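The values are calculated or read from the model by the stated rules, or taken from the named source; none is laboratory data. In this text, all values refer to a predicted model and were calculated from it rather than measured experimentally. Here the Cβ positions follow ideal geometry from the backbone for every residue, glycine too, while neighbour counts run over all protein chains shown.
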Amino acid sequence: MPAAAVPDRLVVGRVIRPHGVKGEVVVQPLTDAPDRFTAGTELALGDPEQAEPLRPLVVAAARDDRGWLLVSFDGVADRDAAEPLRGGLLSIPREAARPLAADEFWSHQLVGLAVFDREGTRRGVVDEVMPGTAHDLLSVRLDGGASVLVPAVAALVTVELDAGRLVVDAVPGLLDPA
């Protein structure tokens, strides 16, 4: 299976819900670059993989709230204006992304990678990377056809982009469909 196409936009957050009455929203950051939400940053709301037009938004202010962000956008002045943002994805153009270090990768680069266990046995392929609260989850389609979810944590997963593979420490039950 070929790797996923390089997207035009990269998702950096998800609007969870409105917060208060002044147009602020709770955002789940899906980036390790906190400057994505500083005042003046231009984002787009909507799923960049869908054909629907994206809604441009400019961050007016943002503050940390126990790992989440409370964000206000220009032109979103009250709860009624914030409500349609609920559940929306926030993205940036790919060109605005920071350069990656040698041991870093984008989520879309994992899709299509072959999955091997530590003994070198091919087990399947990465179908999807699903953002999670604590860490991402890798949806792995096993060679037998079933799918499993693998936590994308360094203790369990080693990414070898140049080799086109991902090695999983197959703790009992992890790569076995339930």
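So, in region 59-72, exactly how many residues are in contact with a helix residue (DSSP H, G or I) (Cβ under 8 Å, 6 or more places away or on another chain) and of a type outside the set (Gly, Ala, Ser)?
Residues flagged as in contact with a helix residue (DSSP H, G or I) (Cβ under 8 Å, 6 or more places away or on another chain) and of a type outside the set (Gly, Ala, Ser) within region 59-72 amount to 3.
One line per residue, one yes/no per condition, for (1) surrounded by 12 or more Cβ atoms within 10 Å (Cβ to Cβ); (2) under 22 Å from ARG9 (Cα atoms); (3) assigned by TED's automatic domain parsing to the domain that holds GLN28:
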| residue | (1), (2), (3) |
| --- | --- |
| ALA102 | no, yes, no |
| GLY120 | no, no, no |
| PRO131 | yes, yes, no |
| ALA134 | no, no, no |
| LEU137 | yes, yes, no |
| ALA155 | no, no, no |
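Table: residues versus (1) modelled with pLDDT under 90; (2) exposed (fewer than 12 other Cβ atoms within 10 Å of the Cβ).
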| position | (1), (2) |
| --- | --- |
| VAL58 | no, no |
| ARG63 | no, yes |
| VAL76 | no, no |
| ARG79 | no, no |
| PRO84 | no, no |
| ARG94 | yes, no |
| GLY124 | no, no |
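State yes or no: is GLY124 out of contact with any Lys or Arg (no Cβ under 6 Å at 6 or more places or on another chain) and not assigned by TED's automatic domain parsing to the domain that holds PRO29? Spell out how you get there, then give the answer.
On the way: out of contact with any Lys or Arg (no Cβ under 6 Å at 6 or more places or on another chain): no; not assigned by TED's automatic domain parsing to the domain that holds PRO29: yes.
Taking the combined requirement at face value, the residue does not satisfy it.
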If we keep only residues of region 21-47 that are more than 19 Å from ARG98 (Cβ to Cβ) and either modelled with pLDDT of 95 or more or aliphatic (A, V, I, L, M) (or both), then the residue surrounded by the fewest Cβ atoms within 10 Å (Cβ to Cβ) is VAL21
Looking at region 125-178, which of the residues that are of a type in the set (Ser, Thr, Tyr) and either assigned to a strand (DSSP E or B) or over 18 Å from the mean Cα position of the chain (by Cα) (or both) is farthest from ILE16 (Cα to Cα)? THR158
VAL148 passes all but one of the listed conditions (1) free of Cβ contacts under 8 Å to residues at least 40 places away in the same chain; (2) surrounded by fewer than 17 Cβ atoms within 10 Å (Cβ to Cβ); the exception is number (2)
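I'd like to check something: does region 67-75 contain any residue that is closer than 30 Å to LEU161 by Cβ, outside the structural domain of LEU156 (by TED's automatic domain parsing), in contact with an Asp or Glu (Cβ under 8 Å, 6 or more places away or on another chain) and in contact (Cβ under 8 Å) with a residue 40 or more places away in the chain?
No.
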